[in-house]
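Undergrad: One structure, pasted below without further comment.
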């Protein structure tokens, strides 16, 4: 009996990790504009055409066609390269292509494990098509929209618990206070989070994980890595996932294990159902799903890292606005004073010119 229980637990963990991959991949893909994918795909086609022309230099027709394609996509190539470099600089300011650091990101796409990553990505996509997507589609059909919205709010409220913990670990106490108030208000007034009362009160949602905490304390230099059940991430984020789950969420403390797995898996279905509305857009815009999701994930992480750096100084924007307002007020006072002085001077001149004829008459 003990062996059977262990097998059940193992299967439960396997199912949990398998379901995580689809939600992670679709979530990162939905946060990026799908139109950014097409130029990159056209660039890959152009590179293939250039390689073909170098293999067959005697074929003038192919060479001319290659040159035409290259000139057509030159502008798109430079734009995409500039955007990629900008995102790289934000996400990994200290990245270097040094070979001695196994986790050092390459200069362009931070994907030295691309062959392995593509195989794992295909495995995860197959699982999503066969399991997660059909279940999420059925969920949308049978669950009323008000209840579906309430469940979505409920699981977002549960995710606020590790967010608050990571705020504290990042020493970001200002944002941690805001997230803690959000958790308290939605858990009480919002009835365990089924109603998002905090957003209506001005407490915007925020999401943190242990991967972002590691980045906040210096581990910003990390390559893209896809694992067979955890989905897309970086080496840093994949290390942070089990720590985030085991020590910062409430799931390991829910017993019996069957109820824990049911709660977690239901949350994955809810989140996957939310992402179904992006499915058609992704399918139409996607020429290379792997490249798109990789770029989407890295850009999303770059944004989160930059945002967290700004959150560490919550008064920075307010101070900048105060300085701008002070400068504007000073300029207005100077202008008003100069206008008053010019008005006074003109009035004195008028009085003087009016008084001169009277003095001559007298």
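The values are calculated or read from the model by the stated rules, or taken from the named source; none is laboratory data. Note that this is a predicted model, so its numbers are computed, not measured. Neighbour counts are summed over all protein chains in view; Cβ atoms, including those assigned to glycine, are modelled from backbone coordinates with ideal geometry.
Undergrad: Is the range 215-230 home to any residue that is closer than 13 Å to residue 301 by Cα and assigned to a helix (DSSP H, G or I)?
TA: Within the range 215-230, one or more residues are closer than 13 Å to residue 301 by Cα and assigned to a helix (DSSP H, G or I).
Undergrad: Hey, another quick one. How many of the residues in the range 192-210 are touching a residue at least 40 places away in the same chain (Cβ under 8 Å) and either closer than 15 Å to residue 248 by Cβ or surrounded by 19 or more Cβ atoms within 10 Å (Cβ to Cβ) (or both)?
TA: Matching residues across the range 192-210 total 7.
Undergrad: Working carefully through the options 182, 118, find the one that is at pLDDT 95 or above, touching a helix residue (DSSP H, G or I) at 6+ places or on another chain (Cβ under 6 Å) and over 28 Å from residue 248 (Cα atoms).
TA: None of the others qualify; the one that does is 118.
Undergrad: Quick one: residue 168 ticks every box in (1) modelled with pLDDT under 95; (2) assigned to a helix (DSSP H, G or I); (3) surrounded by fewer than 19 Cβ atoms within 10 Å (Cβ to Cβ) except a single one, so which number is it?
TA: The one condition residue 168 does not meet is (1).
Undergrad: Given (1) free of Cβ contacts under 8 Å to residues at least 40 places away in the same chain; (2) surrounded by 17 or more Cβ atoms within 10 Å (Cβ to Cβ), identify the lone condition not met by residue 310.
TA: Of the numbered conditions (1) free of Cβ contacts under 8 Å to residues at least 40 places away in the same chain; (2) surrounded by 17 or more Cβ atoms within 10 Å (Cβ to Cβ), the odd one out for residue 310 is (2).
Undergrad: Can you report the number of residues in the range 141-162 which are more than 16 Å from residue 190 (Cβ to Cβ) and either crowded, with 17+ Cβ neighbours inside 10 Å or in contact with a strand residue (DSSP E or B) (Cβ under 9 Å, 6 or more places away or on another chain) (or both)?
TA: 1
Undergrad: On the given criteria, is residue 321 modelled with pLDDT under 60, surrounded by 10 or more Cβ atoms within 10 Å (Cβ to Cβ) and closer than 30 Å to residue 213 by Cβ?
TA: Answer is yes for this residue.
Undergrad: While we're on this one: Does at least one position in the range 173-191 carry a residue that is under 23 Å from residue 139 (Cβ atoms) and either touching a residue at least 60 places away in the same chain (Cβ under 8 Å) or not in a helix (DSSP H, G or I) (or both)?
TA: The answer is yes; a qualifying residue exists.
Undergrad: I'm trying to understand the selection: among the residues of the range 101-115, which are modelled with pLDDT of 95 or more and either surrounded by 14 or more Cβ atoms within 10 Å (Cβ to Cβ) or outside any helix (DSSP H, G or I) (or both)?
TA: Selection gives 112, 113, 114.
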